[in-house]
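Trainee: Pasting a structure below so you can have a look.
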Amino acid sequence: MIIKALGKYKLLVTAALLTMLLQVGAALWQPSYMKSILSVMANMTLSTSGKIDRISNYGVALIGVAIIGLIGSILNTITAAKIAQSVSADLRENTFRKIQTFAYADIEKFKSENLVVRMTNDINQIQMLLMMTFQVLIRVPLLFVGAFILSIITMPKLWWIIVVMVVLIVVVTGFAMKSMGPHFAMFQRLMDRINGITKDNLRGSRVVKSFVQEDNEAKKFDKQSDELLHHNLAVGYTFSTMIPAFTIISQLAIFVAIILVSTFVTKSASYAQDQLGGIMSFIQYMMQIMFAIIMGGMMSMFASRGFVSMGRIKEVLDTEVTMSFDDVPDEDLTGSVEFDHVTFSYPNDKKPTINDVSFEIEPGEMVGIVGATGAGKSTLAQLIPRLFDPTSGYVKVGGQDLKHVSKGTLKKTISIVLQKAILFSGTIAGNLKQGNPNATTEDMNRAAQIAQASEFIDRLPEGYEAPVEERGNNFSGGQKQRMSITRGVIKRPKVLILDDSTSALDARSEKLVQDAFNRELKGTTTIIIAQKISSVVHADKILVLDQGHLVAQGKHQELVENSDVYRQIYDTQKAKED
Ligand SMILES: Nc1ncnc2c1ncn2[C@@H]1O[C@H](COP(=O)(O)OP(=O)(O)OP(=O)(O)O)[C@@H](O)[C@H]1O
């Protein structure tokens, strides 16, 4: 996935690798100049002025190499950042686009909260991993191998010190990683939980405040936050023991190297000159080796989080969408709706929510669906715009099996106004045009009048351009429902489904909406899910659902006479009204 994503940025990747080579080369080159400077200083045969000349030449060269390294480092940081930002932006866009192709059932499978964390947190982890890869991870092995070879070339007799040091550092790093690994693994999980609690709390802030749940919420948050602190501290403690351990190992190695070199030096004066310079660069190479191992260990630990995130994004991108649409031309369907032995179970549910339901609705009919809470009314309604496919049986609109009509046909034929009015941040016009992108002001006026939304939209100074905050928080429940109905009727669908969408309206407004429907939507098949029988008493047909079964259908009076379930609901509601 990442290799494919990097393919688009070959030039940047090459630049990042070259600048990294420049950096490593400069780092490995510098100790050799230090060696030369010290050798000149220890040279007995040279005059003082001759020594100063040579030392300043080496000094200039050393500064030159350091500057090259610095330029390499700056360019490498810039290119690495550009690669990391660009690739993560591509991944974010691709993931978002992929999610847009998901059927509703696919989103249910992942859970929307989880997808949000993947889109934000996981993409950020991948971005950090890419940045680290091009800045550190590839540099570490190069620096290690280069410094290892050069240290042995510089001081061949001291090769074993390097080997012992490497072994000790690898062992300490290994122990540290083993003890820190489980804590790192918990970070992502705890961050997910903390994100979830924060989002739930902020989204449901009205509930939290009205039920005085602040203390409980704070306790819930503290628990997760304390756990995160515990893991952070554990990692911190390990770090704090690692650093002194590495310092002791490196100081011991330096000490042993200096002792050994001093014994060599006392043996011969000419040998001393070479060895004095050598020991300096040898120590520098030792430091570079140590740095490479420690960085490699640490980074691979952090990188593991990035790899987990990559897996989570790959899972989204590789998801096979459960619903596909036939690639057939758009067509004009009539507004007839037919359920033919439809059974439906939610994913992971064994018991069907809709059980062998069959009925027919003629074009232009007004049909009510009633039933107790949880009877399956909303679920049945959601099968009509194909938010879900039936587990068995057929849903037909205009005589066509929905599985064989194009997405365009489905979109222009059917409109559903969901139980919960969901608005998006932007403007009122932006929200209404989701129903019909080509809607003119005239179309918006007509639809808003049907939904009785004009009365408050016209009073807003900005009218249709009035801002809508996230989830329509700056509008009342009734206003949101009216805008939601406007969005549903604006495209003049053949089939309009209203899922309890007038529940937040006062009795007068509800009556006005119904009258407007009867007047303006004559040819439209209207399916109304209602809690109150009074809302559908004049319907051409009423479907009665009970625990997923269609137990009766007919006109109000017929049902009062023939259906126990319907009569029971009706009597209860009538008693309440009286
Ligand atoms: N997304 C879902 N995943 C799993 N089960 C679900 C889902 N949505 C609804 N259900 C279950 O399906 C059953 C029917 O729910 P549905 O919302 O269709 O009932 P309803 O008749 O519209 O109820 P209400 O009048 O309260 O809105 C319920 O038992 C509910 O728990």
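Every number in this text was worked out from the coordinates using simple rules, so none of it is lab data. From a predicted model like this one, the values you see are computed outputs, not experimental measurements. Backbone-built Cβ (ideal geometry, glycine too); neighbour counts: all protein chains shown.
Trainee: Considering only DSSP beta bridges with both partners in the chain, what is the antiparallel share in %, to the nearest 5?
Mentor: 50 percent
Trainee: Rounded to whole Hz and in sequence order, give me ³J(HN,Hα) for segment 346-351 from the Karplus expression 6.51 cos²θ - 1.76 cosθ + 1.60, θ = phi - 60°, writing x for Gly and Pro.
Mentor: 5, x, 6, 9, 7, 7
Trainee: As I understand it, the dipole of the chain uses +1 on the Cβ of Lys and Arg and -1 on the Cβ of Asp and Glu, about the Cα centre. Which of Gln135, Val87, Thr319 lies farthest toward its positive end?
Mentor: Comparing the listed Cα positions along the dipole, Gln135 ranks first.
Trainee: Using amide H atoms built in the peptide plane, which far-off residues or other-chain residues are under 5 Å from Asp546 H to H?
Mentor: Result for Asp546 returns Val551.
Trainee: Next up: Zone of Ala61 (label point 7 Å along Cα→Cβ, backbone N under 20 Å): which residues in segment 137-160?
Mentor: Counting only backbone N, you get 147, 150-155.
Trainee: For the charge dipole of segment 337-577, defined by +1 on Lys and Arg C-beta atoms and -1 on Asp and Glu C-beta atoms about the Cα centroid, which residue among Met483, His538, Gln573 has the Cα displaced farthest towards the positive pole?
Mentor: Met483
Trainee: Hey, what's the Kirkwood Rh for segment 2-317 if you take every pair of different alpha carbons, in angstrom?
Mentor: This gives a value of 23.4 Å.
Trainee: State the volume of the convex hull built on the alpha-carbon positions of segment 29-127, expressed per residue in Å³ and rounded to an integer.
Mentor: Value for segment 29-127: 96 Å³ per residue.
Trainee: I've got another one for you. Helix 214-267 versus the longest principal axis of the chain: what angle, 0 to 90°, nearest 10, using Cα atoms?
Mentor: 20 degrees
Trainee: Let me ask something additional. So what's the angle, to the nearest 10 degrees on a 0 to 90 scale, between helix 269-317 and the longest Cα principal axis of the chain?
Mentor: 10 degrees
Trainee: Something else about it: Could you work out the percent of alpha carbon pairs in segment 440-526 separated by over 18 Å, rounded to a whole number?
Mentor: Values: 1468 of 3741 pairs.
The calculated P(r) of segment 440-526 puts 39 percent of pairs beyond 18 Å.
Trainee: Moving on to the next point. What does the helix-only formula give at 222 nm for the chain: each DSSP H stretch with n ≥ 4 adding -39500 (n - 2.57), the total divided by the residues, and the result rounded to the nearest 500 deg cm²/dmol?
Mentor: Helix contribution divided over all residues of the chain: -21500 deg cm²/dmol.
Trainee: Let me know the longest stretch in the chain that avoids all GluC sites (Glu not before Pro) found in a DSSP loop with at most 14 other C-beta atoms within 10 Å.
Mentor: Value returned for the longest uninterrupted segment is 1-319.
Trainee: To the nearest whole percent, what portion of all C-alpha pairs in the chain is separated by more than 47 angstrom?
Mentor: For the chain, the fraction of Cα-Cα distances above 47 Å is 41 percent.
Trainee: With charges set only on the Cβ (+1 for Lys and Arg, -1 for Asp and Glu), what does the dipole of the chain come to about its Cα centre, in debye to the nearest 20?
Mentor: Details: 59 positive and 55 negative charges, 509 e Å.
Dipole magnitude for the chain comes out near 2440 debye.
Trainee: Label segment 314-355 by shape, choosing from rounded, prolate and oblate, from the square roots a ≥ b ≥ c of the eigenvalues of the Cα gyration tensor; if a/c is under 1.5 it is rounded, and otherwise prolate applies when a/b is larger than b/c, oblate when it is not.
Mentor: Working: a/c = 4.38, a/b = 1.12, b/c = 3.92.
Oblate.
Trainee: Which one of Ser563, Ile450, Asn474 is farthest out on the positive end of the charge dipole of segment 337-577, using unit charges on Cβ (Lys, Arg +1; Asp, Glu -1) and the Cα centre as origin?
Mentor: The one lying farthest along the dipole's positive direction is Asn474.
Trainee: Please work out whether segment 509-578 counts as rounded, prolate or oblate from its C-alpha gyration tensor, where a ≥ b ≥ c are the square roots of the eigenvalues and a/c under 1.5 means rounded, while otherwise a/b larger than b/c means prolate and anything else oblate?
Mentor: oblate
Trainee: Got the relative contact order for the chain handy, in percent, Cα pairs under 8 Å and 6 or more residues apart?
Mentor: 15 percent
Trainee: Just the projected area, averaged over all directions, of the convex hull on the alpha carbon atoms of segment 314-423: how many nm²?
Mentor: One quarter of the hull surface, i.e. the mean projection, equals 8.7 nm².
Trainee: Now a separate question. Pairing the Cα long axis of helix 477-489 with the longest principal axis of the chain, what angle in degrees results, from 0 to 90 and rounded to the nearest 10?
Mentor: That helix lies at roughly 80 degrees to the long axis.
Trainee: So who's got an amide H within less than 5 Å of the one on Ile416, skipping anything under 5 residues away but keeping other chains? H placed 1.01 Å off N, in plane.
Mentor: Ile497
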